[in-house]
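Visitor: Right, I'll just put the structure down here and ask away after.
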Amino acid sequence: MKIGFYGAAGCVTGSMHMVEIDKKRFLVDAGYFQGDYEEKNTEVPEGIEEIGYIFLTHSHLDHVGRLPVLVKNGFKGEVITHRATWSLVRHILSDAYEVMDKDNPLYSLEDLEKTLQLPVKFVEYNREYEIDDLRFRVKDAGHILGSAFYEFEYKGKRFTFSGDLGNKNKPIIRDPSPPDKTDILICESTYGNRNHKPIKESIEELKKAIFETLPYGKVLIPTFALERAQEILYIFKLWEDNLLWPSEWKVVLDSPLAERILEEFLRFPECYDEEMGEMVKRGNPFKMKNLLITKTVEESKRLNGISTGLVILAGSGMLTGGRAIHHLKHMIEDPNNSLIFVGYQAKGTLGRGILDGEKKVYILGNWYDVNIKIYTINGFSSHAGKDDLVEWIKVANPDVLILVHGEDEARESLRENFKGKTVLLPNLYDEYEF
């Protein structure tokens with residue numbers, strides 16, 4: 001058996017792994033590189049037209065964004081994934097195409113349309129499936145709606161791909177399922193070097209930052225349109241239901257993609273945790289009375305004329321584009337305003353630069369002083385923290401542990417917890433035979 005790494009090896013984005021067993025080849029994920037590695041998004045495995053299957057762990061862009069690139073280069077195989085994942089993929093890829101640099105496109109509209117017409121096999125949690133001699137089980141990764149990890153078995157050898165593992169006790173979805181014993185584990189390590197604050201503590205931090213800002217300024221939350229926007233709205237709705245949200249303060253969802261995904265979240269009850277299930281029975285768990293949803297660019301621009309009492313949720317989550325950076329350039333030099341990060345900021349992104357303490361930043365053709373108050377609230381992460389990763393890996397008890405989807409510092413830190421085991425840290429395009 002051979003496993004090759006075409007993404008998320010020495011970096012956090014671009015997840016794509018190829019497995020070759022005898023003469024059978026398949027992929028796990030087809031992610032888009034963000035930040036420092038974006039020039040590699042055109043690269044695909046050789047002989048892509050001969051690959052029969054691609055297993056998708058979930059619908060984040062860094063796990064599905066190169067699907068149209070694969071199709072452009074000849075992939076005609078079958079997609080295997082949870083039905084919620086494929087439903088969300090259609091929105092994610094369509095939005096990615098809309099914001100793509102049309103002067104230097106990665107793929108064409110025809111490539112996108114062919115991608116969305118690929119044959120798809122939907123799989124369910126806690127079920128076992130077979131493709132010839134390859135058996136696999138699908139389990140809930142607890143990361144986002146529809147996220148999964150895959151446990152494969154071939155001629156007595158077991159190997160597991162974790163996908164992205166979720167943070168415990170998060171709103172809306174269940175915690176990650178425990179893995180079975182495996183021989184080889186390919187595991188994410190995004191937060192392999194640190195833990196998150198408890199979610200309850202993070203919610204209080206968020207409340208404090210917002211309530212201290214809004215009487216005097218406004219708040220920008222760069223928001224991943226998939227999962228983070230819905231989580232934050234869910235929390236705001238709970239505050240409103242408990243009469244904690246002042247009637248004069250407004251929340252604006254300034255993300256057409258996030259709005260479309262809101263509707264998707266109501267279609268997949270098999271993914272809900274118990275609290276979310278009960279809230280859905282009482283009504284829409286995301287729709288506050290004080291929620292405004294922008295429909296046009298003009299409506300978005302009018303928000304610049306409001307100076308207080310406003311929380312703006314806008315993409316992109318790492319400030320690499322979208323409406324968030326337009327709001328940021330109008331807000332960043334005013335110390336009465338706040339910028340709240342609630343998600344990972346990859347190296348090479350504007351968000352990471354601000355977090356690393358840059359005093360001046362370049363936004364849309366001009367330099368701006370960073371006077372805005374900055375908050376980082378990491379308990380909302382959709383990734384497991386270090387201790388939860390260690391615990392999950394120990395349950396899997398692999399003979400060989402391969403750490404991916406993490407910066408080198410995080411991978412090295414996580415490796416220290418497994419002395420005596422074979423632990424591999426692949427670089428991009430490395431291949432291992434077992």
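The values are calculated or read from the model by the stated rules, or taken from the named source; none is laboratory data. Please read these numbers as outputs of a predicted model, since none were measured by experiment. Cβ atoms come from the backbone with ideal geometry, glycine included; neighbour counts cover every protein chain shown. All accessible areas refer to the heavy atoms of the entire protein, side chains included, with ligands and DNA or RNA removed. Shrake-Rupley method; radii C 1.70, N 1.55, O 1.52, S 1.80 Å.
Visitor: Considering only segment 356-411, state which residues are of a type in the set (D, E, K, R) and either surrounded by 21 or more Cβ atoms within 10 Å (Cβ to Cβ) or over 23 Å from the mean Cα position of the chain (by Cα) (or both).
Guide: Listed by number, the residues that qualify are 358, 359, 360, 369, 373, 394, 399, 411.
Visitor: Could you identify the single residue in 238, 291 that is open to solvent by 10 Å² or more (accessible area, probe 1.4 Å), in contact (Cβ under 8 Å) with a residue 40 or more places away in the chain, more than 23 Å from residue 177 (Cβ to Cβ) and more than 19 Å from the chain's Cα centre (by Cα)?
Guide: The match here is 291.
Visitor: Something else: Only residues that are outside any helix (DSSP H, G or I), free of Cβ contacts under 8 Å to residues at least 60 places away in the same chain and more than 26 Å from residue 205 (Cα to Cα): list them for segment 363-405, please.
Guide: Within segment 363-405, 363, 364, 365, 366, 367, 368 meet the criteria.
Visitor: Let me ask something additional. Quick check on this structure: which one of 184, 221 is modelled with pLDDT of 95 or more, more than 23 Å from residue 302 (Cβ to Cβ) and not basic (Lys, Arg)? Walk me through how you get there before you give the answer.
Guide: Values: 221 fails: more than 23 Å from residue 302 (Cβ to Cβ).
Among 184, 221, only 184 is modelled with pLDDT of 95 or more, more than 23 Å from residue 302 (Cβ to Cβ) and not basic (Lys, Arg).
Visitor: Output the residue which, of all residues in segment 53-66 that are more than 16 Å from the chain's Cα centre (by Cα) and touching a residue at least 40 places away in the same chain (Cβ under 8 Å), is nearest to residue 160 (Cα to Cα).
Guide: 55
Visitor: Another one. Is it the case, given these coordinates, that residue 255 is touching a strand residue (DSSP E or B) at 6+ places or on another chain (Cβ under 7 Å), of a type in the set (S, T, N, Q), under 20 Å from residue 377 (Cβ atoms) and surrounded by 13 or more Cβ atoms within 10 Å (Cβ to Cβ)?
Guide: Details: touching a strand residue (DSSP E or B) at 6+ places or on another chain (Cβ under 7 Å): yes; of a type in the set (S, T, N, Q): yes; under 20 Å from residue 377 (Cβ atoms): yes; surrounded by 13 or more Cβ atoms within 10 Å (Cβ to Cβ): yes.
Judged against the criteria, residue 255 is a match.
Visitor: Residues in segment 28-36: is at least one closer than 23 Å to residue 89 by Cα, open to solvent by 10 Å² or more (accessible area, probe 1.4 Å) and modelled with pLDDT under 90? Before you say what the answer is, go through the steps one by one.
Guide: So the first thing to find is which residues in segment 28-36 are closer than 23 Å to residue 89 by Cα, and the list is 28-35.
Those left that are additionally open to solvent by 10 Å² or more (accessible area, probe 1.4 Å): 32, 34-35.
Right, trim to modelled with pLDDT under 90 and you get 34-35.
Yes, that holds for at least one residue.
Visitor: While we're here: Please go through segment 308-339 and pick out each residue that is open to solvent by less than 30 Å² (accessible area, probe 1.4 Å) and either without any contact (Cβ under 8 Å) to a residue 40 or more places away in the chain or acidic (Asp, Glu) (or both).
Guide: 325
Visitor: I need a count of the residues in segment 72-88 that are touching a Leu at 6+ places or on another chain (Cβ under 7 Å) and more than 19 Å from residue 128 (Cα to Cα).
Guide: Summing the residues that are touching a Leu at 6+ places or on another chain (Cβ under 7 Å) and more than 19 Å from residue 128 (Cα to Cα) in segment 72-88 gives 1.
Visitor: So, residue 179, is that one touching a residue at least 60 places away in the same chain (Cβ under 8 Å), closer than 19 Å to residue 399 by Cα and touching a helix residue (DSSP H, G or I) at 6+ places or on another chain (Cβ under 7 Å) or not?
Guide: It is true that residue 179 is touching a residue at least 60 places away in the same chain (Cβ under 8 Å), closer than 19 Å to residue 399 by Cα and touching a helix residue (DSSP H, G or I) at 6+ places or on another chain (Cβ under 7 Å).
Visitor: Also, I was wondering about something else. Which one is farthest from the chain's Cα centre (by Cα), of the residues in segment 141-159 that are open to solvent by less than 10 Å² (accessible area, probe 1.4 Å) and either under 19 Å from residue 191 (Cα atoms) or among the charged types (D, E, K, R) (or both)?
Guide: 151
Visitor: Looking at segment 129-136, can you tell me whether even one residue there is more than 21 Å from the chain's Cα centre (by Cα), free of Cβ contacts under 8 Å to residues at least 24 places away in the same chain and closer than 27 Å to residue 230 by Cβ?
Guide: no
Visitor: Here's a follow-up. Let me spell it out: the conditions are (1) out of contact with any Gly (no Cβ under 8 Å at 6 or more places or on another chain); (2) under 29 Å from residue 91 (Cα atoms), and residue 224 meets all of them except one. Which number is the exception?
Guide: Condition (1) is where residue 224 drops out.
Visitor: Could you please find all residues in segment 263-288 being more than 23 Å from the chain's Cα centre (by Cα) and under 19 Å from residue 232 (Cβ atoms)?
Guide: Just the residues of segment 263-288 that are more than 23 Å from the chain's Cα centre (by Cα), to begin with: 278-284, 288.
The answer is 279, 280, 283, 284, 288.
Visitor: Out of 87, 15, report the one residue that is open to solvent by less than 10 Å² (accessible area, probe 1.4 Å) and either charged (D, E, K, R) or in contact with a Ser or Thr (Cβ under 9 Å, 6 or more places away or on another chain) (or both).
Guide: On the way: 87 fails: open to solvent by less than 10 Å² (accessible area, probe 1.4 Å).
Exactly one of 87, 15 is open to solvent by less than 10 Å² (accessible area, probe 1.4 Å) and either charged (D, E, K, R) or in contact with a Ser or Thr (Cβ under 9 Å, 6 or more places away or on another chain) (or both), namely 15.
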